[in-house]
Amino acid sequence: MGGSMATSSLLFLLVLSSFSTASAAFTKPRQVYVVYLGEHAGAKVEEEILAGHHGLLLSVKGSEEEARASLLYSYKHSLNGFAALLSEEEATALSARTEVVSAFPSNGRWSPHTTRSWEFVGLEEGVRGPDDTGRLPPGDKAGGEDVIVGVLDSGIWPESRSFGDEGLGPMPARWKGVCQGGDSFSPSSCNRKIIGARYYVKAYEARYGAVNTTNAYRSPRDHDGHGTHTASTVAGRTVPGVAALGGFAPGTASGGAPLARVAVYKVCWPIPGPNPNIENTCFEADMLAAIDDAVGDGVDVMSVSIGSTGKPLPFAEDGIAVGALHAAMRGVVLVCSGGNSGPKPATVSNLAPWMLTVAASSIDRAFISPIKLGNGMVIMGQTVTPYQLPGNKPYPLVYAADAVVPGTPANVSNQCLPKSLAPEKVRGKIVVCLRGTGLRVEKGLEVKQAGGAAIILGNPPAFGGEVPVDAHVLPGTAVSSVDVNAIIRYINSSSSPTAVLDPSRTVVDVKPSPVMAQFSSRGPNVNEPNILKPDVTAPGLNILAAWSEASSPTKLDGDNRVVKYNIMSGTSMSCPHVSATAVLLKSAHPGWSSAAIRSAIMTTATTSNAEGGPMMDADGTVAGPMDYGSGHIRPKHALDPGLVYDASYQDYLLFACASGGAQLDHSLPCPATPPPPYQLNHPSLAIHGLNGSVTVQRTVTNVGQGSARYSVAVVEPMGVSVKVSPRSLSFARTGEKKSFRIKIEATKGRGGWRVNGQFVAGSYTWSDGVHVVRSPLVVLVA
């Protein structure tokens, strides 16, 4: 990919931090900015690139010395640019230069999106046999041994058995990375599994000062657990006899690509505050340096379980989007989490079409714990809490809203927030709390500190039947919104309500599954509604994977438990499932472009659950493309997709021109009237504001074996006419391309009504009798 347009502008990134530097007579506030200049203009050695960056800085600085001192990073492998400490005036002056695409602050608005899962992916393939996992069957490249996956996250715990290198051959000869030492991490911490490790902290320290080594290692070592969890999900070795704290989810742990090599890029660090263990932040300047190095090091796939908070940034000011564009140009597949802000619409993040954005859904495993109410009713909760109430006897039951201290706001009185419970009202009782504001495990800690005996954590209506499980610091369980309402009704009807909490056990083959997680962020795409996001869904609810032994299972202060494996939920957990699928495709098809790999994953996804019914949301409604994009991943199907929708760097630049007028590369000036964004040759299709009719063109490439003839089947969205021409495509050879047109027109339904102002969904599917190449179609009629 790239072609003549790769000869072009620089990508210049500047990092400024809320940091002040005194000059001769006065102090100018400094901050970290990223100044983006596009693609490298021809082949240059690193010294030339660095000299160009110094020259640009010198144009706004008073001296050569000041220009060099302000530079934090020089991006030189994929995108060309740098990060430096600048004043707002200096950044504005640089952004006015013709070679600069954009200059934007690196402000730390990014954060991580926080076993059985791979066996379940096998069930979603629609086949049941002796090896029903989502991984490839045994073979020379079954686990992607020659493929390198880069993980941008909070680091890694290298001693975990999930990262052993027994039986692995020498590291790939093309690997150019390093194993960077630091706190409690030496170059010998790497092996033939973890072949590289780096950490990036300059922008973080420019904002917060030196890393507090009580809460983080100033090295690639993971203090948090998140990075270890995601790395082992994508590429952890097969480890038998693994379970979470308390023996839950017992069995064999394995990543989706257990033979792939791992390269670690630590970019996320604790936010200073009362409990820095709880939340990490990641700065664009640090992440861009990591992406740039990862491309130079030779990674094939990047797994990025990180997203921005707040309003999504324009593509030219979105650090991950900028890095992903230049990585994709060089054939690197970048997979991102979609965020945990659902089920509210228009919350999905990581919105560029050149990255794969992942939603989260459940697997078919549960951790059931019966709750026996005093009126004889039995309700099934779920928990992985290792503690039991003594005596297996009834305990008094109280609703948190009836047991708060005076002055607690009424709208959160049922949520067990810190210091909200009155000890005299909860001592020795099972306390019923609701999810909502605050951390789930923190609610358990509040019950324990107030003297409560146990917690029942209930869902508000928005979370429906989705039950994330936690290793609480006291006995307890969690229940659906329907069940917590039944418990509250019982409490209100009884003068002395009681309950018995029975021990929990792990069960599998739970139906229906998968179900979309309510926390999973939803479409539409706020930046560009003519691109459907998320792209696919994968397991992200209650996923067991490796953990940092420096972090407790809850991360709470005072929780001193140490675990080797932990259960987590989030699109952070679903993202590495898709990254592993990309690794397997890279191994099987090393010559495919990143767009072809994304296409194969999307067009082979399924919208059905494992029982053959439609995939559902956790609130009981039927899910759709705004929830899961193209559907749930099927890795084995993706290996042989039949047809792919390919796209080049130039295609993406034209798309950016049409989408908000973003000029991402000065070597390709935006035409006066670029093709509309929906004309990008993308595996899904979204039309926003359909007024009358539009005709869209798509081109498919035959990647099957030899000749083939495909026919199309259309499912029209309600109130929309869809005509595909031609209706059949004949291919004489592998690699041949064919184009087709899709005419989409708003129609009047029965009685003359039209579906104005709402999204309606359908699909078009090409099949040759063996391959099924499905594209979702989402339309908003004006």
- Item | Euclidean distance between Cα centres, region 675-698 to region 468-521, Å | 44
- Report the extension gain between Ser693 and Asn560 in nm, rounded to one decimal, defined as 0.36 nm multiplied by the number of residues separating them, less their alpha carbon distance. 41.7 nm
- For Lys738, Lys393, Lys61, write out the residues from largest to smallest accessible area, computed with a 1.4 angstrom probe and no ligands counted. Lys393, Lys738, Lys61
- Using a 1.4 angstrom probe, figure out how much accessible area region 346-488 has per residue, in square angstrom, rounded to the nearest whole. 34
- Message: How big is the dipole moment of region 297-422 about its Cα centre under a simple scheme where the beta carbon of each Lys and Arg is +1, that of each Asp and Glu is -1, and everything else is neutral? Debye, nearest 20, please.
- Response: 480
- Query: What share of all Cα pairs of region 165-234, in percent, falls into each consecutive 5 Å distance bin?
  - Reply: 3, 14, 20, 25, 19, 10, 5, 3, 1
- Pseudo-spin-label distance Leu58 to Arg489, built 7 Å along Cα→Cβ, given in nm, is 7.8
- Share of accessible surface on carbon and sulfur in the chain, whole %, 1.4 Å probe and ligands ignored, is 53
- Extension gain, Gln449 back to Ser707 (0.36 nm per residue minus Cα-Cα distance, nm): 85.9 nm
- Query: Tell me, what is the FRET efficiency for Ser667 and Glu611 to the nearest 0.05, using R0 = 45 angstrom and their Cβ-Cβ distance as r?
  - Reply: 0.30
- Task: Using a 1.4 Å probe and ignoring any ligands, DNA or RNA, find the accessible area of Met377 and quote it in Å² to the nearest 10.
- Result: 80
- Selection from Ser521, Asn191, Ala596, by position along the positive dipole direction of the chain (Cβ): Ser521
- Item | Long-range amide H partners of Met616 with built H, under 5 Å | Met516, Ala623
- Note on the structure: In the chain, taking the dipole from +1 charges on Lys and Arg beta carbons and -1 charges on Asp and Glu beta carbons about the Cα centre, the listed residue (Tyr200, Pro512, Leu79) farthest towards the positive end is Pro512
- For Thr695, the accessible surface traced by a 1.4 Å probe with all protein chains present amounts, in square angstrom to the nearest 10, to 70
- What percent do you get for the relative contact order of region 543-660 when only Cα pairs under 8 Å and 6+ apart count? 22
- What is the magnitude of the charge dipole of the chain about its Cα centre, with +1 placed on the Cβ of each Lys and Arg, -1 on the Cβ of each Asp and Glu, and no other charges, expressed in debye to the nearest 20? 1440
- Note on the structure: In Å³ per residue, the alpha-carbon convex hull of region 343-463 encloses 156
- Antiparallel bridge percentage (DSSP; both residues within the chain; nearest 5): 65
- Note on the structure: Cα-based Rg and Dmax for region 248-302, in Å, come out at 15.7, 41
- Message: Rounded to the nearest 5, what % of DSSP beta bridges with both residues in region 367-501 are antiparallel?
- Response: 50
- Among the listed pairs Lys448/Lys564; Lys193/Lys344; Lys193/Lys311, give every one whose C-alpha distance is greater than 29 Å. Lys193/Lys344; Lys193/Lys311
- Message: I'd like the FRET efficiency for Ser496 and Val526, computed as 1/(1 + (r/R0)^6) with the beta carbon distance as r and R0 of 60 Å, rounded to 0.05.
- Response: 0.70
- Message: In whole Hz and in residue order, list the ³J(HN,Hα) couplings for region 773-782 that follow from phi through the Karplus curve 6.51 cos²θ - 1.76 cosθ + 1.60, θ = phi - 60°; x for Gly and Pro.
- Response: 10, 9, 10, x, 10, 10, 10, 10, 6, 5
- To the nearest 20 debye, what charge dipole does region 681-781 have about its Cα centre, counting +1 at the Cβ of each Lys and Arg and -1 at the Cβ of each Asp and Glu? 180
- Message: Students often forget the sequence filter, so: which lysines lie under 19 Å Cα-Cα from Lys723 once same-chain residues fewer than 8 apart are removed?
- Response: Lys738, Lys743, Lys748
- Reported to two decimal places, what Rg/Rh ratio describes the chain when computed on Cα atoms with Rh from the Kirkwood expression? 0.98
- Calculate the all-directions average of the projected area of region 681-781's alpha-carbon convex hull, and give it in nm². 6.3
- Message: Could you check the spin-label model distance between Asn275 and Asp509? Points 7 Å from the Cα along Cα→Cβ, value in nm.
- Response: 3.9
- Message: At 1.4 Å probe size, put Val772, Val262 in order of accessible surface, largest to smallest.
- Response: Val772, Val262
- Message: Going 7 Å from the Cα of Val405 along its beta-carbon direction, which residues of region 426-449 have the amide nitrogen within less than 15 Å of the resulting point?
- Response: 426-427, 446-449
- Report the full-extension gain for the segment Val178 to Val715: residue separation times 0.36 nm, less the Cα-Cα distance, to one decimal in nm. 188.2 nm
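The values are calculated or read from the model by the stated rules, or taken from the named source; none is laboratory data. These figures come from a predicted structure and were not determined experimentally. Neighbour counts run over all protein chains shown; Cβ positions are idealised from the backbone, glycine included. Note: accessible area is taken over every heavy atom of the protein model, side chains too, but ligands, DNA and RNA are not part of it. Shrake-Rupley method; radii C 1.70, N 1.55, O 1.52, S 1.80 Å.
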